[in-house]
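The values are calculated or read from the model by the stated rules, or taken from the named source; none is laboratory data. Remember, it's a predicted structure, so these values are computed and weren't measured experimentally. Note that we place each Cβ from the backbone using ideal geometry, even for glycine, and neighbour counts take in every protein chain shown. Heavy atoms of the whole protein, side chains included, go into the accessibility calculation; ligands, DNA and RNA do not. Shrake-Rupley method; radii C 1.70, N 1.55, O 1.52, S 1.80 Å.
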Amino acid sequence: MRRRQVTTHIVALVMAVTATAAATGCSRLIDDKGPLPSRSAEPRLSADTAVRELTSALAAEGVTLERAPQDHIVIECTERLTGRGEPAKARAALKSGFARARSDHGWKSGPDIGSASLTLRKGNWTAAATLPPATAASPTTPVAIIVNLVCDGARSKSGTGASPTPTAS
């Protein structure tokens with residue numbers, strides 16, 4: 001019986017402290033402060049700089065990429081670079097291009113997401129690419145090369161033209 005009274009008193013005390021904290025404005029400490037700062041101590045990069053560095057590193061290895069228009073991307077703070085290449089050369093060129101981005105532009109290896117993927121990280125940006133298959137159905141048919149870049153704090157775009165709205169029939 002004594003144990004039950006102690007437990008009841010402790011619960012009442014915790015509830016009283018919580019109510020007092022809320023009433024006195026201590027709830028300010030748990031207000032939403034917005035997106036978290038970058039996980040990196042490095043300076044933030046603009047999207048243009050990140051794209052320019054990666055496209056130049058990959059171009060030096062023979063991979064030509066084009067930047068996708070922003071109205072085709074549904075996530076803020078995201079870039080997509082696309083291109084095509086010969087299956088036999090694309091895999092090696094993509095690996096060499098990522099290595100060149102590390103050595104020439106200061107990108108660092110990103111998180112490990114599997115043996116068929118490459119990742120890089122610099123400032124507030126992470127770049128990822130999936131390696132084309134080592135063998136393709138036809139050695140002359142070009143394969144798609146896609147590099148996705150996402151910055152810290154990326155989130156879905158609001159409905160402002162990110163995708164076409166359906167029309168009523």
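Starting from the eigenvalues of the Cα gyration tensor, five times each then square-rooted, give me the equivalent ellipsoid semi-axes of region 61-125, largest first, whole Å. Walk me through the numbers before you get to the answer.
Numbers: eigenvalues 79, 61, 29 Å².
They are 20, 17, 12 Å, listed largest first.
Might you work out the accessible area of Val150 for me, using a 1.4 Å probe with all protein chains in place, and round it to the nearest 10 Å²?
60
Let me check something: with ligands and nucleic acids excluded, how do Asp152, Asp112, Asp104 order by accessible area (1.4 Å probe), largest to smallest? Don't skip to the end; give the middle numbers.
Numbers: Asp152 25, Asp112 140, Asp104 90 Å².
Highest to lowest solvent-accessible surface, that is Asp112, Asp104, Asp152.
With each label point set 7 Å from Cα along the Cα-Cβ vector, what nm distance links Ile75 and Asp104?
2.7
Using θ = phi - 60° and the Karplus curve 6.51 cos²θ - 1.76 cosθ + 1.60, what whole-Hz ³J(HN,Hα) does each residue of region 116-129 get, with Gly and Pro shown as x?
Running phi through 6.51 cos²θ - 1.76 cosθ + 1.60 with θ = phi - 60° gives 8, 10, 10, 9, 9, 9, 8, x, 9, 10, 10, 10, 9, 9 Hz.
Could you state how much accessible area Ser115 has, in square angstrom rounded to the nearest 10, with a 1.4 Å probe and all protein chains kept in place?
We get 120 Å² for Ser115.
How much accessible area does Ile146 have with a 1.4 Å probe, in Å² rounded to the nearest 10?
Here the residue's solvent-accessible area equals roughly 70 Å².
Hey, for a label at Thr141 modelled as a point 7 Å past Cα toward Cβ, could you say which residues of region 88-111 have their backbone N under 14 Å away?
88, by backbone N distance to the label point.
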